[in-house]
Amino acid sequence: MTEDIFQGYKGEALEVLKKFKVRVWGQANVETTRGTFEGTVLPRAENDDDKHIVIKIITGYNIGIDIHTITGMKETGYKKASYKIPEKQFPVTPGLPNVKLFGTGGTIASRLDYRTGAVIPAFSPGELYGAVPELADICNLETEKVFAVFSENMGPKQYIALAKAIGKEIKKGIDGIVIGHGTDTLHHTGAALTFMCQNLPVPVVLVGSQRSSDRPSSDAALNLMHAMKAAGQSDIAEVMVCMFGPTSDKYGLLHKGTRVRKMHSSYRSTFRTIGDTPLARITRDEIIPIKEHYNKRRSDRNVKILPYFSNDVTMLYYYPGMKPDVLDAMVDAGYKGVIFVGTGLGHVNKELYPAIERAHAKGVHMFMTLQTIWGYVHMFVYDTGRDMMARGIIPAGNMLPEVAWVKLNWVLGQTNDPEKVKEMMLTPVNDEITLREPYNGYLVYQGGVPEVEDFIRKVYK
Ligand code: ASP
């Protein structure tokens, strides 16, 4: 056996493979003290440890098996995998809408490179067409890789670059824009682009995936198809997020960029509209509106690109017993704005008052949002709320904490005048504050409650 058949394995892990005569890409039964596992032995990356053997099990998940638990291994087959996506010329069909896809990275743009173990982007139109040929029935596609980062690395610079790129495409006459993006901060970008790209004539659809396209349960292809359809064919000219609705692949949902949030770390149905209903439901065949009012597609509208972001705003997630030194430190570090994420109707403890007064005296702009996520800040109900307002904290209605953070950065990128800042913060650009939350905008399934179980049984047969 040559070294190549143990790709990436070294030290103790390599010894185990050699001992049991199992190769990389071999189909193996692995007996361990924790049970038996069956799957394909995957190569390891250059920087990985020598204490694990990684196999892809039948569900598509990769698991690392601690070599010290392995009591036996047997190779039952061998098939070298090829993960290259075939490049095909993306066809241009007259009459179909022209959609631009900006790639920023994230799982949606990725597949696993088994040589290095890293997740790498695959985003040329040819590769996309090779992977999801159905896209050619929906639109004519042009792609551009603007970044190749996981979304935790998106930030002010990237928001500004994206807003400008959107402006350029719209001026060139594109029918719709899709942005492939990691899911972790998709909602931050949704809010940022809503504030930065106003008066949109066409849809701008953010899309991600929770599972990469080399996994059988991947949501990447369907999310892409839905997003392309929303961008090319819907008449909702807003910044939206398009992801799975239910955990199954029955339909996708279109969420407003300012009211959406990632709510589960691994479910494909992770994105939920908060404090409202989603804009629409989408399948491969139709777009079914849920909300009546939205900004309609109109080609004669001129987009306004407002690419501002001060990056001088921080957030303070309150916890009981918080000491004023935290807020003092933020002010001393030079932050010009603080978004409080308070308890209940919007509270922090009295111990913080002197620090709040000090921040206010230094001209720091302070807004209150809620840990409850759903509902409105009400600072008139209790003394503590009134005390905080007297010290300069402004209630931010039902604006989501992350949205308030994005918006205050966007506002402070344009003005530092307290009255103007307050006015801009409290004047909604696109429903980041709403007058009321509809009864069906708050829906939490709680298993174990008979009426909910009945309902779920009816819907999920
Ligand atoms: N961490 C990844 C990201 O947000 C996860 C994903 O793409 O869904 O970029």
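Just need a number here: residues in the range 18-37 that are free of Cβ contacts under 8 Å to residues at least 40 places away in the same chain and surrounded by 13 or more Cβ atoms within 10 Å (Cβ to Cβ).
4
Of everything in the range 422-443 that's in a loop (DSSP other than H, G, I, E, B) and touching a strand residue (DSSP E or B) at 6+ places or on another chain (Cβ under 7 Å), which residue is farthest from Pro246 (Cα to Cα)?
Per the criteria, the residue is Val429.
Would you check if there is a residue in the range 228-248 being open to solvent by 20 Å² or more (accessible area, probe 1.4 Å), hydrophobic (A, V, I, L, M, F, W, C) and more than 30 Å from Ser299 (Cβ to Cβ)?
Within the range 228-248, none of the residues are open to solvent by 20 Å² or more (accessible area, probe 1.4 Å), hydrophobic (A, V, I, L, M, F, W, C) and more than 30 Å from Ser299 (Cβ to Cβ).
Filtering the range 181-207 down to residues that are assigned to a loop (DSSP other than H, G, I, E, B) and more than 9 Å from the chain's Cα centre (by Cα), which residue is nearest to the ligand (Cβ to nearest atom)?
Pro203
Mind checking which residues of the range 406-461 are over 23 Å from the mean Cα position of the chain (by Cα), of a type in the set (Lys, Arg) and within 21 Å of Val364 (Cα to Cα)?
Lys420, Lys422
To keep it simple, each residue is scored yes or no on (1) open to solvent by less than 90 Å² (accessible area, probe 1.4 Å); (2) closer than 27 Å to Phe195 by Cα; (3) among the basic types (Lys, Arg).
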residue	(1), (2), (3)
Pro289	yes, yes, no
Lys304	no, yes, yes
Leu316	yes, yes, no
His360	no, yes, no
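Run Gln210 past the list (1) open to solvent by 20 Å² or more (accessible area, probe 1.4 Å); (2) within 13 Å of the ligand (Cβ to nearest atom); (3) closer than 19 Å to Trp405 by Cβ and report the number of the one that doesn't hold.
Every condition holds for Gln210 apart from (3).
What about Lys145, is it in contact (Cβ under 8 Å) with a residue 24 or more places away in the chain and over 25 Å from Gln210 (Cα atoms)?
In short, no.
Can you tell me which residues in the range 327-342 are surrounded by fewer than 15 Cβ atoms within 10 Å (Cβ to Cβ) and more than 23 Å from Gly413 (Cβ to Cβ)?
Ala329
Name every residue in the range 159-180 that is within 16 Å of the ligand (Cβ to nearest atom) and either open to solvent by 40 Å² or more (accessible area, probe 1.4 Å) or among the hydrophobic types (A, V, I, L, M, F, W, C) (or both), in order of residue number.
Leu162, Val178, Ile179
Does Thr372 qualify as being out of contact with any helix residue (DSSP H, G or I) (no Cβ under 8 Å at 6 or more places or on another chain) and more than 18 Å from Phe309 (Cα to Cα)?
yes
Looking only at residues that are open to solvent by 20 Å² or more (accessible area, probe 1.4 Å) and modelled with pLDDT of 90 or more in the range 130-140, which one is farthest from the ligand (Cβ to nearest atom)?
Across the range 130-140, the extreme among qualifying residues is Asp137.
Tell me which of these Phe380 doesn't satisfy, since it passes every other one: (1) touching a Lys or Arg at 6+ places or on another chain (Cβ under 7 Å); (2) assigned to a helix (DSSP H, G or I); (3) at pLDDT below 95.
The single condition Phe380 does not satisfy is (2).
Residue by residue through the range 25-38, note down the ones that are of a type outside the set (Ser, Thr, Tyr) and either more than 22 Å from Ser213 (Cβ to Cβ) or modelled with pLDDT of 90 or more (or both).
The answer is Gly26, Gln27, Ala28, Asn29, Val30, Glu31, Arg34, Gly35, Phe37, Glu38.
Somewhere in the range 249-270, is a residue assigned to a loop (DSSP other than H, G, I, E, B), more than 16 Å from the ligand (Cβ to nearest atom), out of contact with any helix residue (DSSP H, G or I) (no Cβ under 9 Å at 6 or more places or on another chain) and not charged (D, E, K, R)?
no
Given the residues Met228, Met240, which is the only one that is of a type outside the set (Val, Ile, Thr), closer than 16 Å to Leu135 by Cβ and more than 16 Å from the ligand (Cβ to nearest atom)?
Just one listed residue meets the conditions, Met228.
Can you find even one residue in the range 320-327 that is part of a strand (DSSP E or B) and either in contact (Cβ under 8 Å) with a residue 40 or more places away in the chain or among the β-branched types (Val, Ile, Thr) (or both)?
Checked the range 320-327: no residue is part of a strand (DSSP E or B) and either in contact (Cβ under 8 Å) with a residue 40 or more places away in the chain or among the β-branched types (Val, Ile, Thr) (or both).
Test of understanding: among Thr283, Thr258, Thr277, which residue is of a type in the set (Val, Ile, Thr) and surrounded by 21 or more Cβ atoms within 10 Å (Cβ to Cβ)?
Thr258
Please count how many residues of the range 387-397 are part of a helix (DSSP H, G or I) and either within 15 Å of Asn349 (Cβ to Cβ) or in contact with a strand residue (DSSP E or B) (Cβ under 9 Å, 6 or more places away or on another chain) (or both).
Here the count works out to 3.
How about the range 92-124: which of its residues are more than 16 Å from the ligand (Cβ to nearest atom) and either open to solvent by less than 30 Å² (accessible area, probe 1.4 Å) or at pLDDT 90 or above (or both)?
Within the range 92-124, Val92, Thr93, Pro94, Gly95, Leu96, Pro97, Asn98, Val99, Lys100, Tyr114 qualify.
The values are calculated or read from the model by the stated rules, or taken from the named source; none is laboratory data. A quick note: this is a predicted structure, and the numbers were derived from the prediction, not measured. Neighbour counts are summed over all protein chains in view; Cβ atoms, including those assigned to glycine, are modelled from backbone coordinates with ideal geometry. Heads up: the accessible areas ignore ligands, DNA and RNA and are worked out on the full protein's heavy atoms, side chains in. Shrake-Rupley method; radii C 1.70, N 1.55, O 1.52, S 1.80 Å.
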